[in-house]
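First up is the structure itself, then whatever we jot down about it.
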Amino acid sequence: MVLDTQRVDGSMVSRRNVIVSATAGVAALVTAGAAGAARGTDAGAAPPEATPAPGHPGHTGHVHPAAARAVKPFSVRMPVPKVLRPESTKGDTDLYVVTAKKAKVEILPGTRTEVLTYAGMFPGPTIRVRTGRTAVVKHTNGLDIGTVAHVHGGCTPASSDGFPTDTVAPGKSRDYTYPNKQRAATLWYHDHAHHMEAEHVFRGLAGFYLIDDPAEAALRLPSGDYDIPIMLRDARFDDKARLVFELNDFEKRSTILANGKPQPYLPVAARRYRLRFVNASNLRTFTLRLGKDTQVAQIASDGGLLAAPAAIRSWRMMPGERVEIVVDFSRFKVGSQVVLNDADAGPVMRFDVGRSATADTSRVPDRLSTIPAMPAATGRRRIVLSFDRSTGRFLINGRQFDQKRVDAEIKRGTTEIWTLTNDNSGFAVPHNFHPHLVQFRILDRDGKPPAPGEAGVKDTVGVAPGETVRLQATFGPYTGRYVYHCHMIDHSSTGMMAQMKIV
Ligand code: C2O
Ligand code: CU
Ligand code: CU
């Protein structure tokens with residue numbers, strides 16, 4: 001299907017031919033990018049956005065014509081972002097200090113790229129906390145534009161949650177208080193300045209925020225050097241290695257970065273590893289598999305451990321989502337090179353298996369956690385995600401974000417079922433959904449129960465064109481104003497966001 005689509009990105013209007021093919025079913029996604037490439041459409045006719053089709057044939061190892069600077073895959077080592085040390089500690093509170101600033105970092109080998117950073121690092125330093133200990137993070141804005149920090153997946157008082165219009169002016173600081181009264185999970189923090197979050201995150205304002213708890217530690221999952229967070233994303237560079245940001249520029253963001261390096265390698269020992277993936281892309285969905293469809297154990301999703309490990313051979317991650325797996329590299333011969341592949345982008349990174357110096361005492365128990373029971377729902381809401389062809393806008397329930405309008409008023413502590421529908425009548429494009437404050441459970445997708453990897457605790461969920469997903473959440477314990485939005489953040493930054501008020 002060829003559509004002629006007009007859209008508005010802030011003040012910019014563009015008109016392009018768009019090739020869209022949507023297929024039915026749970027995995028149905030817009031295949032515009034892949035279809036365009038397959039049919040020889042040139043990059044200039046790229047769709048305003050697209051998400052790779054999972055398993056689309058013939059696109060593994062696909063070389064994107066728009067890649068301005070070729071990087072030899074697996075030529076740089078993947079770093080692990082350094083864990084930030086508290087500046088001071090008082091009772092059960094740790095104080096961290098982070099300054100956002102510009103920095104020039106080596107992303108593409110032999111060149112330097114100006115990025116926006118937390119603390120000079122790309123990605124930012126990892127903040128690692130324990131359940132029950134309060135973290136106060138003093139964010140100083142050393143940039144020349146307003147910023148506001150948000151911990152994605154955090155159950156945070158409204159004043160510290162990073163409401164998009166609650167920005168910190170250049171040169172100013174703010175203390176964000178995170179009570180961390182929630183289970184162990186892989187969270188991440190990123191900028192949320194309204195209209196700017198897409199560009200700010202694209203240019204580097206993102207880092208890991210990990211919560212540990214004793215119940216998880218008692219499981220003896222791989223830990224320490226064998227517990228590795230991996231932030232995946234795409235990026236677009238010009239021929240001078242500068243980052244190029246354009247809204248909805250999916251097709252040209254063809255360089256894949258893992259912890260800020262293009263298709264890196266990582267030496268690993270022949271033993272078990274815990275790998276914590278976050279998809280920090282603005283628009284790209286990853287559909288990943290390891291080596292020749294190696295079976296791995298998915299142990300966690302957005303909100304922490306699953307009830308039991310799920311044996312998987314591939315996993316799909318939309319922007320904002322996290323998936324944690326345990327891989328036993330002892331199943332490979334010493335000297336093996338095991339590639340992590342994406343269904344559309346091809347090689348993402350490579351694990352180089354070496355000898356194990358010490359015995360592996362880690363394990364993956366059959367039972368991982370107890371997923372908290374869901375209280376009975378007393379409220380229901382419908383959320384429609386759409387694109388309006390006449391105005392070129394991405395909408396929630398037919399509207400764009402307005403900080404002065406409360407879209408949902410919810411009594412604190414109540415449980416609601418939200419029915420999310422991706423109304424693809426305007427433009428068949430995937431969306432996803434992320435509410436602040438709460439972790440939720442997915443009840444069903446088009447009436448079918450969620451896959452094991454989605455059956456745990458979640459804070460971000462993909463909704464394919466035409467699909468309906470029902471989720472259930474308990475809203476609290478804090479009151480105040482929070483946003484919910486599409487986490488394809490080129491969409492949210494142009495208004496695909498709404499506001500709930502917990503009263
Ligand atoms: Cu990653 Cu509003 O969130
Ligand atoms: Cu969030
Ligand atoms: Cu969207």
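The charge dipole of the chain, taken about its Cα centre with unit charges on the Cβ of Lys, Arg, Asp and Glu (plus for the first two, minus for the last two), comes to roughly 700 debye.
Summary value for the chain: 16 percent relative contact order, contacts being C-alpha pairs under 8 angstrom separated by 6+ residues. Among Ile417, Ile396, the order by Cβ neighbours within 10 angstrom, fewest to most, reads Ile417, Ile396. Considering every alpha-carbon pair of the stretch 88-217, the percent of pairs per 5 Å bin, from zero through the bin containing the longest distance, is 2, 11, 20, 24, 19, 12, 7, 3, 1, 0. Ordered by the number of other Cβ atoms lying within 10 Å of each residue's own Cβ, fewest first, Ser336, Ser386 fall into the sequence Ser336, Ser386. Enumerate the residues in the stretch 463-499 having an amide nitrogen under 19 Å from the point lying 7 Å beyond the Cα of Thr378 toward its Cβ. Answer for this model: 472-480. Treating r as the C-beta distance of Arg355 and Val105 and R0 as 25 Å, the FRET efficiency rounds to 0.20.
Think of the stretch 379-502 as having a plus end and a minus end, set by charges on the Cβ of Lys, Arg, Asp and Glu; of Gly379, His487, Leu471, Gly379 sits farthest toward the positive end of this dipole.
Indicate, rounded to the nearest 5 percent, the antiparallel portion of the DSSP beta bridges found entirely in the chain. In the chain, DSSP labels about 75 percent of beta bridges as antiparallel. Which pairs in the list Lys404/Lys458; Lys261/Lys292; Lys292/Lys333; Lys82/Lys292 are over 20 Å apart, alpha-carbon to alpha-carbon? Those over the limit are Lys404/Lys458; Lys261/Lys292; Lys82/Lys292.
Considering only Pro229, Ser159, Thr140, and ranking their Cα positions along the charge dipole of the chain that arises from unit charges at the beta-carbon of Lys, Arg, Asp and Glu, the one farthest toward the positive end is Pro229.
Decide, for the chain, between rounded, prolate and oblate: order the square roots of the alpha carbon gyration tensor eigenvalues as a ≥ b ≥ c, take rounded if a/c falls under 1.5, and otherwise choose prolate if a/b is larger than b/c, else oblate. In terms of gyration-tensor shape, rounded. Every pair of different Cα atoms in the stretch 225-317 enters the Kirkwood calculation, which places the hydrodynamic radius at 15.1 Å. Charge dipole (Cα centre; +1 on Lys/Arg Cβ, -1 on Asp/Glu Cβ; no other charges) of the stretch 88-217 amounts to roughly 300 debye.
Note on the chain: helix-only mean residue ellipticity at 222 nm, from DSSP H runs of 4+ residues weighted -39500 (n - 2.57) and normalised by residue number, equals -1000 deg cm²/dmol.
For the stretch 195-274, the Cβ-based charge dipole about the Cα centre amounts to some 340 debye (Lys, Arg positive; Asp, Glu negative; other atoms uncharged). Considering only Gln403, Asn282, Ser330, and ranking their Cα positions along the charge dipole of the chain that arises from unit charges at the beta-carbon of Lys, Arg, Asp and Glu, the one farthest toward the positive end is Ser330. Legend: ranking of residues Val461, Val338, Val384 from fewest to most surrounding C-beta atoms inside 10 Å; resulting order Val384, Val338, Val461. When each of the peptides 266-272, 301-307 is scored by how many other beta carbons lie within 10 Å of its residues on average, the order from highest to lowest is 301-307, 266-272. Close amide H partners of Ile230, meaning residues 5 or more places away or on another chain with modelled amide H under 5 Å apart, are Arg276, Phe277, Val278. Specify whether the C-alpha gyration tensor of the stretch 295-384 places it in the rounded, prolate or oblate class, a ≥ b ≥ c being the square roots of the eigenvalues: rounded for a/c under 1.5, otherwise prolate if a/b is larger than b/c and oblate if not. Cα axes put the stretch 295-384 in the oblate bin.
No lab work stands behind these numbers, since they all come straight from the coordinates. Only a predicted model underlies this, so the values are computations on that prediction, with no experimental measurement involved. So basically every Cβ, Gly included, is an ideal-geometry build from the backbone, and we count neighbours across all protein chains shown.
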